[in-house]
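Just so it is clear, none of the values below were taken in a lab; they were calculated from the coordinates. The structure presented is a predicted model; accordingly, all values stated were derived computationally and were not measured. Virtual Cβ from ideal backbone geometry, glycine too; neighbours counted across all protein chains shown.
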Amino acid sequence: MIVMIVVRITLNVRAEKQMELLQTLLSLIEPVKKEKGCKSYAIFCDIKDKNSFCIMEEWTTQKDLNRHLKSLRFGVLLGTKPLLQKPPIVRIHTKAGVQGMAAVEEARAQGGE
């Protein structure tokens, strides 16, 4: 049975840092899509607020997602925090329920693969 995990990350960037964040996000799309277990990875901009972005990810298994959360690429995403108006909002939707940033921190704290 295939487990599908959906991750939604909302980023609200400082207006003067919008282009910097956008360049960083665009640089992540293709490499993340090639990661094992990634079914989709897309970035959206709010049409009413050009400084609000949403990243939508789909992963096959929790193991694949955890590998991604521990990756340097996800570290790059976390490194954009100084560009943001407020901390990112992370929602991880699984069959068991919804988790937030604590799940990211827990996965990154675990030993490497």
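Could you check, for region 84-95, whether at least one of its residues is touching a Pro at 6+ places or on another chain (Cβ under 9 Å), surrounded by 12 or more Cβ atoms within 10 Å (Cβ to Cβ) and either under 23 Å from residue 14 (Cβ atoms) or of a type outside the set (Val, Ile, Thr) (or both)? There is no residue in region 84-95 that is touching a Pro at 6+ places or on another chain (Cβ under 9 Å), surrounded by 12 or more Cβ atoms within 10 Å (Cβ to Cβ) and either under 23 Å from residue 14 (Cβ atoms) or of a type outside the set (Val, Ile, Thr) (or both). Report yes if residue 44 is among the aromatic types (Phe, Trp, Tyr) and in contact with a helix residue (DSSP H, G or I) (Cβ under 8 Å, 6 or more places away or on another chain), otherwise no. No. Filtering region 30-42 to residues that are buried (at least 17 other Cβ atoms within 10 Å of the Cβ) and either of a type in the set (A, V, I, L, M, F, W, C) or not in a loop (DSSP other than H, G, I, E, B) (or both) leaves 32, 38, 41.
Just need a number here: residues in region 91-109 that are more than 19 Å from residue 60 (Cβ to Cβ) and touching a helix residue (DSSP H, G or I) at 6+ places or on another chain (Cβ under 7 Å).
We begin by selecting, within region 91-109, every residue more than 19 Å from residue 60 (Cβ to Cβ); these are 100-102, 105-106, 108-109.
Still in the list and also touching a helix residue (DSSP H, G or I) at 6+ places or on another chain (Cβ under 7 Å): 108.
Total meeting the criteria: 1.
Does residue 90 qualify as being part of a strand (DSSP E or B), β-branched (Val, Ile, Thr) and in contact (Cβ under 8 Å) with a residue 24 or more places away in the chain? Judged against the criteria, residue 90 is a match. Taking region 1-43 as the range and being within 21 Å of residue 98 (Cα to Cα) and without any contact (Cβ under 8 Å) to a residue 24 or more places away in the chain as the test, the residues that pass are 1, 40, 41, 42, 43.
Across region 17-44, the number of residues qualifying as in contact with a Leu (Cβ under 9 Å, 6 or more places away or on another chain) and over 19 Å from residue 76 (Cα atoms) comes to 1. Looking only at residues of region 56-70 that are surrounded by 17 or more Cβ atoms within 10 Å (Cβ to Cβ) and under 13 Å from the mean Cα position of the chain (by Cα), we find that the one that is nearest to residue 26 (Cα to Cα) is 57.
It is to be established whether one or more residues within region 9-29 are surrounded by 13 or more Cβ atoms within 10 Å (Cβ to Cβ), in a loop (DSSP other than H, G, I, E, B) and in contact with an Asp or Glu (Cβ under 8 Å, 6 or more places away or on another chain). For region 9-29, residues surrounded by 13 or more Cβ atoms within 10 Å (Cβ to Cβ), in a loop (DSSP other than H, G, I, E, B) and in contact with an Asp or Glu (Cβ under 8 Å, 6 or more places away or on another chain): absent.
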